[in-house]
1. Work out from phi, with θ = phi - 60° and the Karplus expression 6.51 cos²θ - 1.76 cosθ + 1.60, the ³J(HN,Hα) of each residue of segment A:12-28, listed in order in whole Hz, and give x for Gly and Pro.
2. Residues of A:288-300, mean number of Cβ from any other protein chain within 10 Å of their own Cβ, rounded to a whole number?
3. Would you grab the residues whose amide H sits under 5 Å from the one on residue B:131? Only those 5+ places off in sequence or on another chain, please, with H modelled 1.01 Å from N.
4. For every other residue with a beta carbon closer than 14 angstrom to the beta carbon of residue B:265, add +1 if it is Lys or Arg and -1 if Asp or Glu, then tell me the sum.
5. Please compute the modelled spin-label separation between residue A:26 and residue B:120, points set 7 Å along Cα→Cβ, answer in nm with one decimal.
6. Give me the one-decimal nm value for the distance between modelled label points at residue A:299 and residue A:279, 7 Å along each residue's Cα-to-Cβ direction.
7. Dividing the alpha-carbon Rg of chain A by 2.2 N^0.38 Å yields what?
8. How much of the pair distance distribution for segment B:3-278 lies past 36 Å, counting alpha-carbon pairs only, in percent?
Amino acid sequence: MSSLVRPALLAIALVLLALAPWLGGTYATLSLTSALALGLFALSYDLVLGVTGLVSVSHATLFGVGAYGMAIGMTKLGAGFWPSAALGIAAAMAMAWAIGFFAVRTSGPGFIIMTVIFAHAVESIANVWTSLTGGENGIMLSTSRVAFLPGVDLHFTAGSRSAYYTVVACVALAWLFSRWFVASGLGLTLRGIKGNELRALALGYRVGRYKVLVNVVAGAIAGVAGILYALSQGFVSVDMLRVLLSIEVIVWTILGGPGTLLGPLVAAVLMSLGIEYLRSLTSQYLFVVGAVTLLVVIFLPEGLGGVIGRLLDRAAKETRS
Amino acid sequence: MTADVLVLQLANGLSFGVIFALIASGITLMWGIMDFINMAHGDFYMLGAYGIWLGLVIGIGSFWLALPLAVLGVVVIGLLLRVSVLRPIFDRPPLHTLLATYGAGLMLQQAVLSIFGPFSKEIALPVTGQIVLGPLRYPAYRVVVIVVGLVLIAAVGVLIQRSTYGLWIRAVAQDRAMTAALGVPVPRVYTVVFALGSGLAALGGVLAAPLFGVSPTMGGEVILLAFIVVMIGGLGNYLGSVVGGVLIGEVIALGAIWLQPTVAYLVALGLLLVLLLVRPAGLLRSAR
């Protein structure tokens with residue numbers, strides 16, 4: 001029976017995803033577009049935390065740098081969409097490389113602390129260097145129409161359907177790429193590092209280089225996610241690269257099940273929609289975000305997938321006995 | 001620039017450095033003994049500053065009477081945090097304790113924000129005079145900060161080196177399982193370290209409050225420098241965090257002569273990055 005459940009669920013999910021912008025209004029489409037961009041962001045983080053077992057607290061830095069790179073290219077340098085997007089992705093990859101390069105030089109938890117330091121540093125720079133980043137106000141993206149291909153324009157006005165489907169397509173492509181990446185020889189090495197780093201070192205793998213590499217690959221995807229998120233929102237702000245967002249993506253990844261790729265994606269979409277709703281209810285939503293972080297760590301460290309799996313096991317045992 | 005400015009900024013750097021060292025030494029102690037990255041450490045510092053402000057507002061007339069009360073209050077909050085949410089997850093990997101302390105810190109920050117409001121509060125200098133040394137005049141309170149901070153840092157250092165608890169602390173840092181097998185009450189050692197760390201950060205906040213003001217976000221502003229100090233000193237190295245603190249304090253103060261404050265922070269970060277290339281284990285070799 002379970003062999004039928006999975007394809008059926010997948011088909012229902014795909015149909016819902018395809019029809020969503022026609023079922024809901026403009027606001028629902030906008031929320032979903034942004035949430036899916038955050039889902040893509042969580043998917044990229046799963047390559048770092050879930051697949052390689054690296055704890056990085058600077059993933060939102062890459063997400064934000066990608067978006068700022070594109071926004072600066074479009075508004076300050078007056079470049080077109082594609083060169084600006086390339087600039088954003090390149091900036092995110094360069095940032096990922098720099099953070100990784102210095103972080104792998106330290107041992108053990110030094111890696112984590114170095115990512116914390118970089119995340120805080122970039123956040124302060126974005127706040128203070130107002131001539132480049134607009135400081136607290138951020139950068140408004142003046143163009144809502146993006147020359148995607150010659151003759152094909154995408155409308156990135158808030159809640160547009162073409163924006164939604166673009167993000168869905170990017171998420172699907174990134175998911176397929178990630179699955180291929182994890183299954184490849186390189187992915188096997190990364191999983192080996194997660195399984196036993198010392199053994200991988202002893203076998204002659206240059207573990208540090210692999211860590212930097214996965215951070216750069218995930219950084220490129222995070223940069224794309226940041227660009228899509230910024231386009232759907234119409235502006236880039238410091239909120240996109242706060243340490244808070246880096247912590248949230250860790251929580252989403254844990255909730256969804258590290259290493260499952262689809263799990264963190266789904267968890268990020270649902271959780272970010274939840275936070276969006278919460279933000280509309282109360283200005284104290286950050287208090288709730290803190291409480292959720294705490295509760296997830298204490299009660300759901302194996303994620304929702306782990307809990308559901310355990311419940312299913314128990315149910316299976318009871319029906320058998 | 002004259003020599004006067006240089007000397008004044010060197011002295012300012014020492015007072016900054018002592019405050020950084022008070023925060024960083026707690027982070028480094030907690031890591032060294034409990035494998036625990038405390039993301040809420042900046043919030044203990046912030047709570048210390050609010051504690052002294054509250055003490056003075058509710059009518060404790062003397063700064064020096066309110067100081068121990070504020071520090072004690074923060075230690076109590078820290079220990080409550082430890083027994084309520086952190087005890088069940090202490091043996092988990094660093095990722096979990098990092099997330100838990102971040103969540104707790106965020107809640108503390110939001111609580112302070114909603115109770116006391118977003119605006120910065122001022123505290124009058126408890127010591128107003130100036131110290132005159134030849135042609136130089138220097139605010140006496142900053143000298144007090146340097147002296148009080150250094151004395152207490154040294155006191156905790158002596159405690160770690162000489163007392164029974166200090167012996168246990170160092171033993172747990174070296175080999176937790178063996179120390180527990182020899183009958184040392186490891187959970188109680190953790191509690192002592194947690195109290196010491198949160199107390200040191202609170203003291204930093206109390207001493208900093210009259211200089212920099214009191215606001216809900218002050219913890220976030222200082223935590224970047226504190227982590228840089230911890231890495232420069234070598235993670236888990238108490239003396240290293242003190243030396244690193246003073247070093248970064250001087251960098252910030254001297255940088256402020258020519259640069260904007262944030263750019264001076266970046267110089268501090270650059271210093272750490274260069275150091276990582278030259279001496280990856282920190283300025284002093286790690287004590288662990």
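1. Couplings: 4, 4, 5, 5, 4, 4, 5, 8, 3, x, 8, 7, x, x, 4, 5, 4 Hz.
2. Numbers: counts 3, 4, 11, 5, 2, 9, 13, 3, 4, 14, 9, 1, 0.
The per-residue average across the peptide is 6.
3. Amide H neighbours of residue B:131: B:138, B:140.
4. Numbers: positive: none; negative: A:123, B:221, B:250.
Value of the local net charge: -3.
5. 4.1 nm
6. With each label placed 7 Å out from Cα toward Cβ, I get 2.5 nm.
7. Values: Rg = 19.9 Å, N = 321, 2.2 N^0.38 = 19.7 Å.
Dividing the Cα radius of gyration by 2.2 N^0.38 Å gives 1.01.
8. Values: 4963 of 37950 pairs.
Distances greater than 36 Å cover 13 percent of the Cα pairs.
No lab work stands behind these numbers, since they all come straight from the coordinates. Values in this document were obtained by computation on a predicted structure and should not be read as measured data. When we count neighbours, we look across all protein chains shown, and the Cβ atoms used for this are built from the backbone with ideal geometry, even at glycine.
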